[in-house]
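Contents: one structure, followed by commentary.
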Amino acid sequence: MRPAQPSDAEQILDHTKICGGETDNMSYGEEGFNITIEEEEKILERIGKSHKQAFFLAEADGKIVGTGTYTGSNNKRMAHRGSIGLCVQRLYWGQGIGSALIEALIDFGKNTAKAKIISLGVRSDNQVAIHLYEKYGFKKIGTFEGYYEIDDKLIDVDYMNLKL
């Protein structure tokens with residue numbers, strides 16, 4: 001596991017297409033993120049200089065198989081909190097990659113971003129992910145009904161917080 005670099009941009013975009021095509025648990029599908037490699041490079045460069053954002057990669061066999069992001073704010077009234085997101089390719093589920101990414105993100109939030117609260121959103125029916133988040137102390141604070149629409153079906157998302 002390591003921080004993402006601008007040179008990882010193309011592989012990261014390919015990774016999002018893999019994750020989005022393997023599961024409906026993401027906010028995107030097999031199209032991944034609709035941005036260019038150059039745009040992703042600029043984003044990664046900005047994140048690399050930030051104390052309020054982080055982007056971690058998990059690698060296996062020389063390729064990216066998992067990502068974890070932390071997004072905080074420099075706005076004084078919101079600087080005490082941040083949000084996280086994870087994506088691990090299906091072939092690597094159940095191997096501790098999600099746990100390693102969560103631990104790195106919590107450490108970043110607590111020690112670098114100086115957050116007091118870390119939040120996330122997770123599909124209400126994704127019991128495996130919910131169990132993982134609960135293992136790290138995240139607690140459900142509410143449900144956004146119909147957050148996603150996938151194949152004409154409305155999907156609920158639970159919001160969870162971790163108070164540091």
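The values are calculated or read from the model by the stated rules, or taken from the named source; none is laboratory data. This is a predicted model, so every value here is computed, not measured. Glycine gets a Cβ as well: all are built from the backbone with ideal geometry, and neighbour counts include every protein chain shown. Heavy atoms of the whole protein, side chains included, go into the accessibility calculation; ligands, DNA and RNA do not. Shrake-Rupley method; radii C 1.70, N 1.55, O 1.52, S 1.80 Å.
A Cβ distance below 6 Å, combined with a sequence gap of six or more or placement on separate chains, defines the contacts here; from the stretch 112-126, residues that are under 8 Å from residue 160 (Cα atoms) reach residues that are open to solvent by 30 Å² or more (accessible area, probe 1.4 Å) and of a type in the set (Phe, Trp, Tyr) in the pairs 121/159. Within the stretch 119-143, the set of residues being modelled with pLDDT of 95 or more, of a type in the set (A, V, I, L, M, F, W, C) and open to solvent by 100 Å² or more (accessible area, probe 1.4 Å) comprises just one member, 141. When residue 114 is tested against (1) open to solvent by 100 Å² or more (accessible area, probe 1.4 Å); (2) under 16 Å from residue 1 (Cα atoms); (3) of a type outside the set (S, T, N, Q), just one condition goes unmet, and that condition is (2). I need the full set of residues from the stretch 134-164 which are part of a helix (DSSP H, G or I) and either at positive phi or touching a Lys or Arg at 6+ places or on another chain (Cβ under 9 Å) (or both), in order please. If the condition is that a residue be part of a helix (DSSP H, G or I) and either at positive phi or touching a Lys or Arg at 6+ places or on another chain (Cβ under 9 Å) (or both), then 134 is the only one that fits. Checking each residue in the stretch 3-27 for being under 15 Å from residue 68 (Cα atoms), open to solvent by less than 80 Å² (accessible area, probe 1.4 Å), at pLDDT below 90 and assigned to a loop (DSSP other than H, G, I, E, B) picks out 25, 26. When the stretch 38-49 is filtered for residues that are at pLDDT below 95 and out of contact with any strand residue (DSSP E or B) (no Cβ under 8 Å at 6 or more places or on another chain), only 49 remains. Among the residues of the stretch 1-52, those that are closer than 23 Å to residue 102 by Cβ, hydroxyl-bearing (Ser, Thr, Tyr) and free of Cβ contacts under 8 Å to residues at least 60 places away in the same chain comprise 28, 50.
Among the residues making up the stretch 28-37, those that are part of a loop (DSSP other than H, G, I, E, B) and surrounded by fewer than 17 Cβ atoms within 10 Å (Cβ to Cβ) are 28, 29, 30, 31, 33, 34, 35, 36.
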